[in-house]
Amino acid sequence: MTDPVLTLRDASLAFGPRTLWSGLDLDVQPGEFIAVLGSNGSGKSSLLKVILGQQRLSGGSVSFLGAPGRRGDRRIGYVPQQKLADDGTPLRARDLVALGLSGHRWGVPLPSAARRREVDALLAAVGATEYANVGVGTLSGGEQQRVRIGQALAGEPRLLLCDEPLLSLDLTHQRAVSELIDRQRRERDFGVLFVTHDINPILDMVDRVLYLAGGGFRIGTPEEVLRSEVLSELYGSRVDVIRTHGRVIVVGTPDGAHGHPDDQLAHHDAHDHGTHGHGTAPGLLGGLP
Amino acid sequence: MNGDIWSEVFDFANYGELVVLLRNSIIAGAVLGVVGGLIGVFVMSRDMAFAVHGISELSFAGAAAGLLFGIGVVEGSIIGSLIASLIIGLLGSRARDRNSIIAVLMPFGLGLGILCLSLYPGRSANKFGLLTGQIVAVDDPRLNSLIAISIVVVLGLLLVWRPLTFASADSDVASARGVPVRALSIVFMLLLGLAVAVSVQIVGSLLVLSILVTPAAAALRLSSSPVVVPLLSTLFAVLSLVGGIMLALGASVPISPYVTTISFAIYLVCRLVSWRRTRRGLSGRVPLTTRTVMQ
């Protein structure tokens, strides 16, 4: 077995008296695709912030490629919730990808044939060549996410962190973006932590599931974790997992407490209800009533 | 009657001699155009137009206080700008907080400025100049200080250009990639404060937006290239300022109406061009078919 890219040992995170999760042991292998599930406020996004070095653990340790996690490690790619600058930003798809390569350097970017080739290759890898020279403000949501994945792939990441990257995309684009991530992690052999409230678009791609709820967690294959008795025990109340037509529906989860950093997500959900609720409502995981 | 008004607004008698006399103003306009055009791009991408307006009101208050207490108008306006931009930068990292902080600061600054001006015993021509712009006259020391501050702003911007672009477009990812987003935001606010302070001296605090926002907004209508937009924006700002000063030379009206009118006209033309482009379906996309043929 190869060395894991990411290791969490006995990790816990608490905000004041509220413990989001504790005793978390997790190894992410190169090329492994792990979905992070759980209700709003269960600390999914905070887990990513911990790995990015933007949030300190309350206890335990996190190490990336054998060294303690640090802020701004460029071997970690990050694809956040879809929300990009509007018309006010003078950036084309290719410029956004180029920022992934050299956006942290000081000064004014000078033209470079080598960088241009690299950007072209990344754009081609994510299927964005067609709109390489289009302003990011005029790209559709699905196109923006493709370009962002291209940006995250710059610099050969060993780990890709995705925070609800499918939010407010329609079903076709959800599928396309998920397949893109799945293909790239196999080709480039990087680990993926994919935070989502709906596992269905990625159900047949993920290797394991990390389910956070009620201050605890479960890790395992989707078949091991997404079961009525497992989730009922985790939530401490009766939860039903229904499998139908290759989809998983979780019914009866008490919705997460509000007033928490992850609440952004709840906000987003309400906001995007028109387009979003439509496509995914039958498969909602995390139990909106 | 009509003729009188026109001769006050446009008077080109002895134009050649005036141009020589007002060489300083024209240089000042060109330098300011470069500053406004460049920083305006970031004002747009960071959605800070309202912040520019807020800072300029406090810059006005500072200038008025500088006049009253004999510190000097330039020094006062710089101090006012920097205080305002620091407050906005430190307290308003989220857009909603920022807007309310600006809305609270702005009338306070304006009121303070009016108080200082009414207490000031000197000539009243100076007073309105701070709000609505000077009647063209920039002496040598003033030109030198303007050029020095402008150099600081432009060099500062060039130094942080790329990480600031990243942070402005997508602060979450930039921060994950090791860009010091928070520090950059403070640096940007300080540079913006300096840019506002120099602009206030030429066009007046009420009209600063016409240099720091309108040219960049116009350029964004024509392009989304990170190279073309700053160049166009700078060109538009220089055109507005130098053009405005040249037109205002013979008139007894401040330069600001000329500057704002040219800058507004440029914006209208850019909107028209972009509207026609959209109607003709020029989006910059390369259809897949032609691409396969090319390969």
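Nothing in this text is a laboratory measurement; each read-out follows from the coordinates by a stated rule. These figures come from a predicted structure and were not determined experimentally. A quick note on method: Cβ atoms are made from the backbone with ideal geometry, for glycine too, and the neighbour counts reach across all protein chains shown.
Here region A:165-198 and region A:205-221 have alpha carbon centers that stand 17 Å from each other. Here B:L231 and A:R186 are evaluated by their C-beta separation; at R0 = 41 Å the FRET efficiency comes out at 0.45. Modelled label positions at B:A13 and B:R96, each set 7 Å beyond Cα in the direction of Cβ, lie 6.1 nm from each other. Residue by residue along B:159-166, Cβ atoms of other protein chains within 10 Å of the local Cβ number 6 on average.
Counting every other Cβ atom within 10 Å of each residue's Cβ, B:T132, A:T221 order from fewest to most as A:T221, B:T132.
Which peptide among B:14-20, A:54-60 comes first, and what is the full order, when sorted by highest mean count of other Cβ atoms within 10 Å? Mind dumping the intermediate values first?
Values: B:14-20: 11.0, A:54-60: 15.6.
Sorting B:14-20, A:54-60 by mean packing, highest first, produces A:54-60, B:14-20.
Of the residues A:P111, A:L24, A:I34, the one whose Cα sits farthest toward the positive end of the charge dipole of region A:1-141, with +1 on the Cβ of Lys and Arg and -1 on the Cβ of Asp and Glu, is A:P111. If you take all other residues with their beta carbon under 12 Å from the beta carbon of A:D240, and give Lys and Arg +1 and Asp and Glu -1, the sum is +2.
Let me make sure I get this right: for region A:87-155, a, b and c are the square roots of the gyration tensor eigenvalues over alpha carbons, sorted descending. Under 1.5 in a/c it's rounded, otherwise prolate if a/b > b/c, else oblate. Which is it? Judged from the Cα gyration tensor, region A:87-155 comes out oblate (a/c at least 1.5, b/c at or above a/b).
Here the label points at A:V108 and A:D25, each 7 Å from Cα along the C-beta direction, are separated by 5.6 nm in the simple model.
Packing-based ranking of A:18-29, B:186-197 yields B:186-197, A:18-29, ordered from highest to lowest mean Cβ neighbour count within 10 Å.
The modelled label-to-label distance between A:I242 and A:S58, using points 7 Å beyond Cα along the C-beta direction, is 3.5 nm. Ranking B:V200, B:A13, A:I76 by how far each Cα lies toward the positive end of the dipole of the protein assembly as shown (charges on Cβ) leaves B:A13 at the top.
Per residue of B:174-186, other chain Cβ atoms within 10 Å of the residue Cβ number 5 on average. For the peptide B:215-227, the mean number of other protein chain Cβ atoms found within 10 angstrom of a residue's Cβ is 4.
For A:K83, A:K49, the sequence from fewest to most other C-beta atoms within 10 Å is A:K83, A:K49.
Going by the alpha-carbon gyration tensor, a ≥ b ≥ c the square roots of its eigenvalues, is chain B rounded (a/c under 1.5) or, if a/c is not under 1.5, prolate (a/b greater than b/c) versus oblate? Oblate, since a/c reaches 1.5 and b/c is not below a/b. Once the Cβ-Cβ distance of B:L159 and A:A14 is raised to the sixth power relative to R0 = 41 Å, the FRET efficiency obtained is 0.50.
FRET efficiency for A:E229 and A:D204, Cβ-Cβ distance as r, R0 = 30 Å, nearest 0.05?
That gives a FRET efficiency of 0.85.
With the highest mean first, a sort of the peptides B:145-151, A:94-100, A:211-217, B:78-84 on other beta-carbon atoms found within 10 angstrom per residue produces A:94-100, B:78-84, A:211-217, B:145-151.
What number comes out for the charge environment of A:L8, summing +1 per Lys or Arg and -1 per Asp or Glu over other residues with Cβ under 10 Å away? All intermediate terms of the calculation are to be shown ahead of the outcome.
Values: positive: A:R9; negative: A:D10, A:D25, A:D27.
My count for the surroundings of A:L8 gives -2.
Each residue in A:S42, A:S232 was given a count of other beta-carbon atoms within 10 angstrom of its own, and listing them fewest first yields A:S232, A:S42.
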